[in-house]
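A.B. asks: Sharing a structure, written as structure tokens. Questions coming.
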Amino acid sequence: MDTVLELRCPPLPFVRIGLIGLGRRGMKTLERYAFIKDAAIRCLADIDPTRLDAANESLERSGRPRADLHQGPEAWREVCHRADIDLIYICTDWATHCDMAVEAMRHGKHVAVEVPAATTIDECHQLVETAEATRRHCFMTENCCYDHFALSTLEMAHKGLLGEITHCEGAYIHNLRDTFGLTGNTDNTAGNWMEKSCARHKGNPYPTHGIGPIGWLLGLHRGDRMDYLVSLTSRGCGPDHLLGRVNSTLIRTVKGASILLQLDVTTMRPYSRLQTVCGTKGYVQKYPVPTIKNLTGNTILTGEEALAEARLHTQMHAARLWQEGHRKNVPNEMNYTMDARLIHCLRHGLPLDIDVYDAAEWSCIAELSERSAREGSRPISIPDFTHGHWHDLTAYTMYSA
Ligand SMILES: NC(=O)c1ccc[n+]([C@@H]2O[C@H](COP(=O)([O-])OP(=O)(O)OC[C@H]3O[C@@H](n4cnc5c(N)ncnc54)[C@H](O)[C@@H]3O)[C@@H](O)[C@H]2O)c1
């Protein structure tokens, strides 16, 4: 089977979207697309009719036409089968992503799927095989790749300011103990699907926010690839042993770079994605305090000075879109940049920023970290989803018209 590296599809002058899942993230997605030109949400699917009504009211409030509604357990399939839709946007819980994405691609649609795109290695292979067989895009909506500091770091790396990158750190450290109902401070004592998934999982079920920007920096499947990982999970407390639980995963690439990934959603640690990059000529970190040091500067820049330095490296199309979002006063520039980039590439028939191999590589850490953590932190090989084509390309490229 031919790969879908740098997949180019016929340009779509206007992108017609079917949105599946109108929960918290789906509603935010619906609201965000009010700011995106040349795309419209044409139909909606959810099992819960109240979510659909709320979504249509939101469309109306923002001056957009109401969408066609599909309700019930098979509604998502109906949306995937419609002939008048170009892009299926999936905002449901993790367990449903792969089936929906595969069905959509089999029916000729491009896919945008929330993180993680898949929960098992088998699902990762299904996504890749279907994208290759159908020649459709499968874009995982990893918004953290479009963080302004991450984009500046990528530009600095491409300008050679960081030298050879030998080590990166990324994470999702976000205290969700109240959201999960672990502290008695909310009425969510029954928990929710994410809390239950995290409690069941013994590794890192949510690795993509941490690994996404690193994947671009290290050119994963664009000259390097992840070789193996080891993983370790701390004990947790409380009824489902989730409170205080922290997973740390170490990954080594074929070319010898190391990566630290962490997941911590229940300790008191302040929010962080680490975003730490060590190179032979420079050092960049976003959290807890933005810091930049490179050979061309005599001092270590921190805080506002580091942010000012980062703003000097904003020539890439995505960074310019981030500034555009800021000027438009959008609710979240990072998400605006992701949406605008996705639609830009679809409209111009360009390869997407995040391809199906990214989706598979970043998502597969969920199963592999759990396997390693359960087996005494045993090293586990990471599959090459490109069937040996991981060095056909030599660096990460973001395309623009
Ligand atoms: N990128 C980010 O920053 C970010 C932030 C929040 C959530 N997310 C991701 O978004 C996704 C959704 O999370 P959420 O918090 O919105 O969840 P949620 O539970 O609030 O919403 C899920 C929605 O999907 C619907 N649904 C479930 N199964 C369905 C089916 N078979 N057919 C149709 N509809 C179905 C539910 O009724 C619900 O309305 C997750 O993958 C999550 O990881 C990403």
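A.B. asks: Where both partners of a DSSP beta bridge lie in the chain, what percent of those bridges are antiparallel, to the nearest 5?
C.D. replies: 50 percent
A.B. asks: For n ≥ 4 DSSP H runs only, could you compute -39500 (n - 2.57) per run for the chain, divide by its residues and tell me the 222 nm figure to the nearest 500?
C.D. replies: My calculation for the chain gives -10500 deg cm²/dmol from helical runs alone.
A.B. asks: If you don't mind, another one. Along the stretch 238-243, what does the Karplus equation 6.51 cos²θ - 1.76 cosθ + 1.60 (θ = phi - 60°) give for ³J(HN,Hα), rounded to whole Hz, x for Gly and Pro?
C.D. replies: x, x, 10, 6, 9, 5
A.B. asks: Which lysines have a Cα less than 30 Å from the Cα of K281, not counting those fewer than 8 places away in the same chain?
C.D. replies: K281 reaches K159, K255, K293.
A.B. asks: Work out, in µm²/s and without decimals, the Stokes-Einstein translational diffusion coefficient of the stretch 297-392 at 20 °C, 1.002 mPa s, Rh from Kirkwood over C-alpha pairs.
C.D. replies: 125 µm²/s
A.B. asks: Could you work out the relative contact order of the stretch 15-142, using alpha carbon pairs under 8 angstrom and six or more residues apart, expressed as a whole percent?
C.D. replies: 23 percent
A.B. asks: For a quick check: with amide H placed at 1.01 Å from N, whose amide H comes under 5 Å from L243's, ignoring anything fewer than 5 positions away on the same chain?
C.D. replies: C237
A.B. asks: Evaluate the Debye formula for the stretch 65-171 with equal point scatterers sitting on the alpha carbons, no solvent, and hand back log10 of I(q)/I(0) at q = 0.23 Å⁻¹, in q order, two decimals.
C.D. replies: Taken in order of the listed q values, log10 I(q)/I(0) reads -1.18.
A.B. asks: Let me ask another. Could you tell me the extents of the chain's C-alpha atoms along the three principal axes, largest first, rounded to whole Å?
C.D. replies: Over the chain, Cα extents along the principal axes are 57, 53, 45 Å.
A.B. asks: Name the trypsin sites (Lys or Arg not before Pro) in the stretch 209-249 that are in a loop by DSSP and that have at most 10 other C-beta atoms within 10 Å, would you?
C.D. replies: Here the trypsin sites (Lys or Arg not before Pro) that fit, given the DSSP loop and packing criteria, are R235.
A.B. asks: Residue by residue through the stretch 11-24, what is 3J(HN,Hα) from phi via Karplus (6.51 cos²θ - 1.76 cosθ + 1.60, θ = phi - 60°)? Round to whole Hz and write x for glycine and proline.
C.D. replies: My calculation for the stretch 11-24 gives x, 10, x, 9, 9, 9, 10, x, 9, 10, x, 10, x, 4 Hz in order.
A.B. asks: A39's amide H: which non-local residues (gap 5+, or another chain) put their own amide H closer than 5 Å, with H modeled 1.01 Å from N in plane and none for Pro or chain starts?
C.D. replies: Long-range HN contacts for A39: V15.
A.B. asks: Pop out the ³J(HN,Hα) list for the stretch 360-373 in order, Karplus 6.51 cos²θ - 1.76 cosθ + 1.60 with θ = phi - 60°, rounded to Hz; leave Gly and Pro as x.
C.D. replies: 6, 5, 6, 6, 5, 4, 4, 5, 5, 5, 5, 4, 5, 4
A.B. asks: Let me ask something else about it. Please report the spacing between the Cα centers of the stretch 78-98 and the stretch 241-295 in Å, no decimals.
C.D. replies: Answer, in whole Å: 33.
A.B. asks: Give me, ordered by chain and number, the residues 5 or more places off Y396 or on other chains with an amide H under 5 Å from its own placed amide H.
C.D. replies: The list, which skips near neighbours in sequence, is G219.
A.B. asks: How big is the dipole moment of the chain about its Cα centre under a simple scheme where the beta carbon of each Lys and Arg is +1, that of each Asp and Glu is -1, and everything else is neutral? Debye, nearest 20, please.
C.D. replies: Its charge dipole is roughly 660 debye.
A.B. asks: Which percent of Cα pairs goes in each bin when the distances of the stretch 42-124 are cut into 10 angstrom slices starting at zero?
C.D. replies: In whole percents, the pair-distance histogram is 18, 47, 30, 5, 0.
A.B. asks: Packing-wise, with mean Cβ within 10 Å as the measure, how do 20-32, 130-142 rank, highest first?
C.D. replies: Order by mean packing, descending: 130-142, 20-32.
Bear in mind these aren't lab numbers, they're just calculated from the coordinates by the rules spelled out. None of the values given here were measured: they were computed from a predicted structure. When we count neighbours, we look across all protein chains shown, and the Cβ atoms used for this are built from the backbone with ideal geometry, even at glycine.
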